[in-house]
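Trainee: Below are the structure tokens for one structure; questions will follow.
The values are calculated or read from the model by the stated rules, or taken from the named source; none is laboratory data. Quantities reported herein were computed from a predicted structural model and do not represent experimental measurements. As a convention, Cβ positions derive from the backbone with ideal geometry for all residues, glycine included, and neighbour counts pool all protein chains shown.
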Ligand code: NAD
């Protein structure tokens with residue numbers, strides 16, 4: 001057993017179908033009575049439901065969260081929070097909405113109650129991200145970690161199949177990289193393996209029936225574990241590639257993760273054999289990269305970078321940016337090999 005240091009820092013979790021009804025009690029348990037509810041414009045209706053449940057404990061709904069958390073949106077929300085003198089934030093939505101709450105908490109230290117409706121896992125991490133112009137700034141800060149998370153699977157039934165599938169793949173990506181992370185540990189590896197297994201089983205079943213509430217619950221269980229893995233370890237090559245490509249081409253977050261993952265794990269195959277054995281076991285496949293690629297295709301997701309909007313002439317520049325500030329990774333970042341990786345991913349070639 002390798003040496004490790006580990007301290008669990010994760011939010012209180014209320015898990016279960018219809019657990020949204022506990023939101024008032026959870027806000028009260030934090031000692032709060034002036035909540036600002038956050039959502040995207042598309043999920044305003046869900047925000048209104050939360051407003052009704054909070055009743056006199058809510059002072060406003062701000063349905064202006066947007067992908068990549070643009071700084072001007074943060075400033076606008078900050079002004080509203082200050083004007084309404086709010087004492088907590090209730091974010092209902094995916095990583096973008098929870099990301100807006102985190103950006104507000106970064107300065108104000110306001111407690112966050114997160115109600116995730118995708119499988120991205122942001123609710124379990126102290127990681128924040130904000131975009132100014134084309135530059136995305138990310139970091140870790142304990143102030144942005146949600147205090148309470150309500151996992152109500154009923155809220156995910158409306159998630160379209162394409163987003164469901166890519167979000168499950170996004171969750172798998174977090175857990176896969178945490179297993180070979182340089183700062184991983186045996187407990188996180190156990191959680192990650194189980195998180196990948198649950199996410200994969202859920203995805204396989206949701207392709208058949210996206211409305212099955214029990215399987216939705218399993219997908220949420222998987223994303224909870226994968227989110228803890230993300231928040232507890234350092235991510236490697238896969239997340240670095242997605243960060244750079246997402247920034248350069250403004251690509252869809254979870255679809256980008258889904259397309260790149262088989263290729264980034266192929267790159268790391270020989271450098272992390274024990275991690276690959278665990279991932280293969282959880283995916284129930286012999287060979288991780290091709291097994292993931294097949295799952296991607298079965299899900300009906302795009303499987304090439306070209307299909308999600310990347311331009312081929314950007315490959316060289318992306319590799320320059322990726323290698324300029326590498327993340328810790330089992331295999332060193334090698335320019336030629338990374339160009340090959342991105343060319344394969346661009347063309348949607350099945351990794352073998
Ligand atoms: P998202 O939050 O951007 O949501 C995508 C779209 O789906 C939005 O229009 C949203 O309104 C809609 N949506 C969400 N849930 C829905 C539901 N149940 N039914 C119908 N529509 C629904 O997507 P995401 O993948 O959850 O989040 C991506 C963002 O989160 C990225 O910016 C990423 O960087 C960030 N992220 C951060 C962390 C972290 O730890 N900080 C972790 C993962 C992702």
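Trainee: Under 16 Å from residue 192 (Cα atoms) and free of Cβ contacts under 8 Å to residues at least 12 places away in the same chain: does that describe residue 280?
Mentor: When the stated conditions are applied, residue 280 passes them.
Yes or no, residue by residue, for (1) modelled with pLDDT of 95 or more; (2) away from the ligand (no atom under 16 Å from the Cβ); (3) touching a helix residue (DSSP H, G or I) at 6+ places or on another chain (Cβ under 6 Å):
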residue: 22; (1), (2), (3): yes, yes, no
residue: 36; (1), (2), (3): yes, yes, yes
residue: 42; (1), (2), (3): yes, no, no
residue: 54; (1), (2), (3): yes, yes, yes
residue: 74; (1), (2), (3): yes, no, yes
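Trainee: What number of residues within the range 138-150 satisfy the criterion of being farther than 22 Å from residue 75 by Cβ and more than 12 Å from the ligand (Cβ to nearest atom)?
Mentor: Number of matching residues: 5.
Trainee: Kindly indicate which of 135, 86 is more than 10 Å from the ligand (Cβ to nearest atom) and under 15 Å from residue 36 (Cβ atoms).
Mentor: It is 86.
Trainee: Residues that are away from the ligand (no atom under 16 Å from the Cβ) and within 17 Å of residue 203 (Cβ to Cβ): which helices (runs of 4 or more DSSP H) entirely in the range 245-352 hold 3 or more of them?
Mentor: The qualifying helices (runs of 4 or more DSSP H) are 273-283, 288-298.
Trainee: Residue check: is residue 256 free of Cβ contacts under 8 Å to residues at least 60 places away in the same chain, under 23 Å from the mean Cα position of the chain (by Cα) and buried (at least 16 other Cβ atoms within 10 Å of the Cβ)?
Mentor: Criteria met by residue 256.
Trainee: Given the criterion within 11 Å of the ligand (Cβ to nearest atom), within 19 Å of the chain's Cα centre (by Cα), surrounded by fewer than 23 Cβ atoms within 10 Å (Cβ to Cβ) and under 22 Å from residue 32 (Cβ atoms), identify the matching residue among 114, 63, 101, 126.
Mentor: 126
Trainee: Here is a follow-up. Condition test on residue 238, is it within 17 Å of residue 331 (Cα to Cα), buried (at least 21 other Cβ atoms within 10 Å of the Cβ) and more than 14 Å from the ligand (Cβ to nearest atom)?
Mentor: no
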